[in-house]
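Structure first, commentary second.
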Amino acid sequence: MRMKLRRIGGSVLAVLLGVGTMQGQQAQSMPASEGTTVLLWPNGAPGAKGDQDVDKPTLTIYLPSGANATKTGVVVAPGGGYEHLSMTKEGSDVAHWLNQRGVAAFVLKYRLGPTYHNPIELGDAQRAMRMVRANASEYGIAPDHIGMWGFSAGGHLTATTGTHFDSGNPSAADPIDRQGSRPDFLILAYPVITMDASFTHSGSRRNLLGDNPDPAVVLSMSNELQVTKDTPPTFLFSTTDDQTVPVMNSVAFYSALVKSGVPAEMHLFQHGRHGSGLGVGNPQLSVWPDLLIKWMRERGYAAPATAAATGN
């Protein structure tokens, strides 16, 4: 069944009508300010090791109250070292920020280590991209205006999604699986990029790959080595004195993007602790979201400020 999202009395209700991509989907409806959560796989996720909440990847849908002038949507991947998820500061807060600027948001709850290792996390992210693309018309977005935004380990997952993608399986029985998984643009906030032990975040590496990963998998998951000319345009933000994820992660990915001719913009601040989210209340970093929305507007992924404010 294809999911229609309607606004009634200020809330978003999931109404299942007809036949389409959301067959069997069990949606948990909540007020608009809290989003509407759906399972990525309504009949059980591939590779699930149980039937608990942690075994069920989800997507929480936040639609702007006004017009989405550029028909843009963003899948948001919170960080947490592939061990937990910062679902407020790097999830719902980000979704509300996007909604206030006329952009739809989809917060991803992906499976985590040490229970789940690669490629489970990437499969969850790819499924999220396919699901949003399959239902783009219901969300009021365009299928070629769907980006992905990740923080810290979620930034690694985002960069992985942007360097490991496919065009979908046109013969798949599930219509969602027929969609491509490539994001149209990437936003990376203080991201983990590499699995190289010399400058990775060791906790993210261990939780994603295990204690003794295959060297070939380490190379595959070191995203600075996987950039090609087809990697999506990317915006990066980090801080030089980040004591958790070395800034060289961002620098290495940016350098690879430039070498491959991929449009890229990077902003490195001298000071600022890791995990700052949108930098609210932080005089060192609070300007970085302004730089991001400027970049999004320049690329056609957000409406001018006056239009976003008025819904025009």
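Quick note: the coordinates plus some simple rules give every number you see, no bench work behind them. Predicted model only: the values in this text are computed from it and were never measured. Positions of Cβ are backbone-derived with ideal geometry, glycine not excepted, and every protein chain shown enters the neighbour counts.
Its residue count N fixes a reference of 2.2 N^0.38 Å for segment 32-310, and the Cα radius of gyration divided by that reference is 0.93. Taking every DSSP bridge with both residues inside the chain, close to 45 percent are antiparallel. Highest average first, the peptides 229-235, 74-80, 209-215 ordered by how many other beta carbon atoms sit within 10 Å of their residues are 74-80, 229-235, 209-215.
Output the pairs from 71/294; 229/294; 49/109 with a Cα-Cα distance over 22 Å in this structure; if there are none, say none.
With Cα atoms farther than 22 Å apart: 229/294.
Amide hydrogen proximity for residue 302: with H placed 1.01 Å from N in the peptide plane, the residues at 5 or more positions away or on another chain lying under 5 Å are 297.
Per-peptide packing, taken as the mean over residues of other Cβ atoms within 10 Å, places 259-268, 182-191 in the sequence 182-191, 259-268 from highest down. Exposure proxy ranking for 149, 288, based on other Cβ atoms within 10 angstrom of each Cβ and starting from the fewest, stands as 288, 149. Each Cα pair under 8 Å and six or more residues apart adds its separation to the average, and for the chain the resulting relative contact order is 16 percent.
When the chain is described by a simple charge dipole with +1 on each Lys and Arg Cβ and -1 on each Asp and Glu Cβ, the residue from 163, 221, 116 located farthest towards its positive end is 163. By other beta-carbon atoms within 10 Å, ranking 163, 158 with the fewest at the front produces 163, 158. For segment 100-144, the dipole from Cβ point charges (+1 on Lys and Arg, -1 on Asp and Glu) about the Cα centre works out to 60 debye, to the nearest 20. Close amide H contacts of residue 266 (hydrogens built in the peptide plane, cut-off under 5 Å, sequence separation of 5 or more or a different chain): 236. Put simply, the amide H of residue 37, placed in the peptide plane, has neighbours under 5 Å in 28, 30, 61, leaving out anything fewer than 5 places away on its chain.
Just rank 202, 250, 255, fewest to most, by other beta-carbon atoms within 10 angstrom.
On the way: 202 10, 250 29, 255 15.
Least crowded to most crowded, the residues run 202, 255, 250.
Excluding same-chain neighbours fewer than eight residues apart, the aspartates and glutamates reachable from residue 89 by a Cα-Cα span under 15 Å are 34.
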